Amino acid sequence: MIEQTSYSRAQTFWLVMLRLLIGWHFLYEGIVKILNSGWTAYPYLMDSQGFFAEYFQSMAANPEFLAVANYINIYGLTLIGLGLILGCFSRIACIGGIVFLGMYYLSHPPFIGATYMMPTEGSYLWIDKNVIEIGALMVLIYFPTSRIIGLDRYISKLFKRK
């Protein structure tokens with residue numbers, strides 16, 4: 001894949017801003033869960049609906065699997081957020097973010113008639129904030145800025161030396 005790194009100033013600014021905003025969203029969600037020692041994905045998973053509801057509810061019902069899911073959620077969100085904000089392994093962070101958001105979407109799909117315990121910000125039909133953020137992360141994969149403004153700029157130089 002050929003990477004274009006010669007964007008206009010405005011393109012660079014807004015792509016970096018998009019990366020920072022999404023990174024902040026992930027980082028904040030992870031930190032909130034770290035600081036709340038009683039946080040668990042259990043209620044969210046048990047509230048799952050849609051085609052994969054049984055799968056997500058079985059995850060919640062298994063204490064060992066739930067503990068792993070909690071750990072992955074907490075530290076995965078935090079690391080994805082840091083990766084995006086710092087521009088460090090940002091392509092991997094984008095892919096990780098897409099996987100997380102995809103799982104959240106499958107757990108709580110915005111289908112007609114679906115009602116959840118947790119309130120949503122609006123009324124959705126098929127497209128919700130998770131799908132929109134997945135689209136934005138796809139943009140960041142194909143229009144990378146971390147090699148212009150970010151730690152990937154230095155990391156890529158280290159790998160090129162060897």
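No lab work stands behind these numbers, since they all come straight from the coordinates. Computed from a predicted structure; not experimentally measured. Positions of Cβ are backbone-derived with ideal geometry, glycine not excepted, and every protein chain shown enters the neighbour counts.
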With x for Gly and Pro, the residue-by-residue ³J(HN,Hα) of the stretch 15-29, computed from phi through the Karplus equation 6.51 cos²θ - 1.76 cosθ + 1.60 at θ = phi - 60° and given in whole Hz, is 5, 5, 4, 4, 4, 5, 5, 5, x, 4, 4, 5, 4, 4, 4
Expressed in µm² per second, the diffusion coefficient of the stretch 21-112 from the Stokes-Einstein equation, with Rh the Kirkwood radius over alpha carbon pairs, at 20 °C and 1.002 mPa s, is 157
Expected max-MSF residue from 146, 58, 37 in the GNM of the chain (alpha carbon, under 10 Å) is 37
Once the dipole of the chain is set up from charges on Cβ (+1 Lys and Arg, -1 Asp and Glu), the residue from the list 38, 71, 60 lying farthest towards its positive end is 71
In deg cm²/dmol, rounded to the nearest 500, the helical mean residue ellipticity at 222 nm of the chain, built from -39500 (n - 2.57) for every DSSP H run of length 4 or more, is -21500 deg cm²/dmol
